[in-house]
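The values are calculated or read from the model by the stated rules, or taken from the named source; none is laboratory data. These numbers come from a predicted model, not from an experiment. As a convention, Cβ positions derive from the backbone with ideal geometry for all residues, glycine included, and neighbour counts pool all protein chains shown.
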Amino acid sequence: MLRRVVALLCLGFALSAAARGNWRDDSPDSSIAEANLPAEARTTLRLIDRGGPYPHRRDGVTFKNLEQRLPLKRRGYYREYTVPTPGSTDRGARRIIAGEQPAAMFYYTEDHYRSFRKIRR
């Protein structure tokens, strides 16, 4: 009976993590080299390094990580920045999420927060 309970608990934790899309550093697509980012993303990184000025009013706002797809950190740890999308008339789907202040950890999403890749600098 105890084995069944433990097995069910383990299965529940695994399904819960999968449903939230929790970050895994060992997944094959979990990182991208800065040099392999689109040119617009590299420009955004340079702006972050300089502290701006940013082209969009919402650049630098707190990213709340509500879906918990990035490592769990205290509120206010993550900030989001727009990566311009050629041909888009709005902010588009691409973002860089920076962790810590000053920024020391960076994640790239090209699908509006559905997936993230840690940027290797």
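Quick notes on this structure:
- Any chance GLU67 is in contact (Cβ under 8 Å) with a residue 12 or more places away in the chain, acidic (Asp, Glu) and either part of a strand (DSSP E or B) or buried (at least 19 other Cβ atoms within 10 Å of the Cβ) (or both): no
- Residue in region 50-63 that is within 14 Å of the chain's Cα centre (by Cα) and closer than 17 Å to ARG120 by Cα present: no
- Looking across region 70-88, the residues that are more than 23 Å from ARG42 (Cβ to Cβ), in contact (Cβ under 8 Å) with a residue 12 or more places away in the chain and among the charged types (D, E, K, R) come down to LYS73, ARG75.
- Some residue of region 96-114 being surrounded by 18 or more Cβ atoms within 10 Å (Cβ to Cβ), of a type in the set (S, T, N, Q) and closer than 15 Å to TYR54 by Cβ: no
- Filtered residue count, region 28-57, keeping only those that are closer than 20 Å to SER115 by Cα, in contact (Cβ under 8 Å) with a residue 12 or more places away in the chain and either of a type outside the set (Ser, Thr, Tyr) or in a strand (DSSP E or B) (or both): 10
- Lone unmet requirement of (1) farther than 23 Å from ALA35 by Cβ; (2) surrounded by 17 or more Cβ atoms within 10 Å (Cβ to Cβ) for ARG58: (2)
- Scanning region 72-93 for residues that are buried (at least 16 other Cβ atoms within 10 Å of the Cβ) and more than 13 Å from HIS56 (Cα to Cα) turns up TYR77, TYR78, ARG79.
- Some residue of region 19-27 being small (Gly, Ala, Ser), modelled with pLDDT under 95 and either under 13 Å from PHE116 (Cα atoms) or in contact with a Lys or Arg (Cβ under 6 Å, 6 or more places away or on another chain) (or both): yes
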